[in-house]
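Data block below; observations after.
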Amino acid sequence: RPNSPHRAQAHSVFSAFVESARGPEPAYRRAAAELLGLVGTELECQAALADFLRDPDPEVARAAIVSAGRTKRRDLIPRLIELAGDRKLKTEAREALAAFGLEILPGLQQSLLDHRLPLPVRRNLTRVFSTVGGQLAADYLAGCLQQPDLLLEYQILRALSRIRLKNPETRFDLTRINSLILNELRGQYRFVSIREGVGRDGTAGVRFLGRALEERLDRKLGNIFRLIALLYPPKEILDAYYGVTSGRRDLRANAVEFLDSVLQSPLRQMLLPIIEDRSPDWVLEYARMQLGIERRSHREALRDLLLESDPWLQSCAVYAAADQGLEGLGPLLESLVNAGDELLQETALAARRRLNPSPASPPGASWKT
């Protein structure tokens, strides 16, 4: 009770318990962390909650996360954001962040756009927006679209889909989203050209790269449909996507017929050739005639991929080039030796050794060209 004469004494006893609980016994620390979520934030002993959020025992840290969400202490938000990337604690961290409500959205958007934060953290923050929900959450999250990391972009679009499915009245900027969809579709045609240039047969490296490109095309198609679902009835559009990707010709035909009837131009004209049961040659001819996208030779396709911003596709292209002994791509491969991505750097170094195996070559030796 606020006016109880025993209030000060109770605070003193509770603070003494929290201080004693900092010892080696996890059960005591967990109990203290739980109780800190049930008392006022003005107590000095609340400082212990920040320590419990860094506790090595996951159960203690989990209890502290729940209490942080209850107390809504803004000084704990940075640590909660860090914990959103923790495999064991990410669910509780997301829920605690969502408990702050609308007030957390501006800072959360800044974190999502902060390239210094690890990708696992940023990917998991998207779920906080969809948990908060509503038009304001959709607006802030839509401001984070167009991420170079495909999985992050996918998580953003999934969260936007959840918001709209829960609140169908949510609206998005028609001009901006339409522009994003058309840009994504143009990129899809470009990658169809690259995939056909790489081919499906050849060395192990070429086959591996071909599978990576197929996965990239599949994932991008999913992102395109989720963008479309921001402007058109979301459930029907997502159902059509599952029909297109089901592997069943009847479901694909039904989905194409539905999309042909509801989508407006030029979106309809650009999407349908990709999802209809057309041969790659037909799609490439459409891309050439309508979009000015030329066919790629094998070497041109590899060169394009080496210049991509996706480290995974770059790594696969490096492996394919080295596997075929394509020394003419040496200067491009050399530029990737100092890449920021660890896997890409290791792959480029391995390719250098394969294409320029001279034991007398110094560590900084250039590629043969």
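Taking the 0 to 90 degree range and rounding to the nearest ten, how far is the long axis of helix 119-132 tilted relative to the main principal axis of the chain, both from C-alpha atoms?
Helix 119-132 sits roughly 70 degrees off the main axis of the chain.
Where is the GNM fluctuation largest for the chain (alpha-carbon springs, 10 angstrom cutoff): ALA142, ALA350, ALA317?
ALA350
Choose one answer from PRO233, PRO58, PRO24: the residue with the largest mean-square fluctuation in a GNM of the chain with alpha-carbon springs under 10 Å.
Maximum fluctuation in the GNM of the chain, among the listed residues, is at PRO24.
Which order do the peptides 242-251, 284-293 come out in when sorted by mean C-beta neighbours inside 10 angstrom, highest first?
Top to bottom by mean Cβ count within 10 Å: 284-293, 242-251.
Give the residue from PHE14, ALA31, LEU150 lying farthest towards the positive end of the charge dipole for the range 1-151; charges sit on Cβ (+1 for Lys and Arg, -1 for Asp and Glu) and the dipole is referred to the Cα centre.
LEU150
With charges only on Cβ, +1 for K and R and -1 for D and E, what is the dipole size of the range 5-85 about its Cα centre, in debye, rounded to 20?
260
Helix 174-198 sits at what angle to the longest principal axis of the chain, using alpha carbons and giving 0 to 90 degrees rounded to 10?
Tilt of helix 174-198: around 50 degrees.
Helix-only estimate, please: 222 nm mean residue ellipticity of the chain, summing -39500 (n - 2.57) across DSSP H runs of length 4 or more and dividing by its residues, to the nearest 500.
-21000 deg cm²/dmol
What order, most packed first, do the peptides 128-134, 234-240, 61-67 have when packing is the mean number of other Cβ atoms within 10 Å of each residue?
Going by the mean number of other Cβ atoms within 10 Å, highest first, we get 61-67, 128-134, 234-240.
Can you figure out the FRET efficiency of GLU95 with GLU342, using R₀ = 30 Å and their beta-carbon distance, to the nearest 0.05?
So, using R0 = 30 Å, E works out to roughly 0.40.
Counting heavy atoms of the protein chains only and a 1.4 Å probe, report the per residue accessible area for the chain as a whole number of Å².
Heavy-atom accessible area per residue stands at 50 Å².
Mind pulling the angle between the C-alpha long axis of helix 26-35 and the longest principal axis of the chain? Nearest 10 degrees, somewhere in 0 to 90.
80
Under a point spin-label approximation (7 Å from Cα along Cα-to-Cβ), what is the ARG249-VAL262 distance to one decimal in nm?
With each label point 7 Å from Cα toward Cβ, the separation is 2.5 nm.
Could you tell me what percent of the accessible area of the range 1-159 is made up of carbon and sulfur, with a 1.4 Å probe and every protein chain present?
It is 51 percent, rounded to a whole number.
Whole Å is fine, so just give me how far the alpha carbon centre of the range 76-105 lies from that of the range 232-289.
Taking the Cα centre of the range 232-289 as reference, the centre of the range 76-105 is 38 Å away.
In the Gaussian network model of the chain, springs joining C-alpha atoms below 10 Å, which of SER193, SER261, SER161 carries the largest mean-square fluctuation?
SER261
For the chain, just run the numbers: alpha carbon Rg, then divide by 2.2 N^0.38 Å, N being how many residues it has.
Taking the Cα Rg and dividing by 2.2 N^0.38 Å, one obtains 1.27.
The values are calculated or read from the model by the stated rules, or taken from the named source; none is laboratory data. This one's a predicted model, so the numbers in the text were calculated from it and none came from an experiment. Cβ atoms come from the backbone with ideal geometry, glycine included; neighbour counts cover every protein chain shown. Note: areas computed on protein heavy atoms with side chains; ligands, DNA, RNA excluded. Shrake-Rupley method; radii C 1.70, N 1.55, O 1.52, S 1.80 Å.
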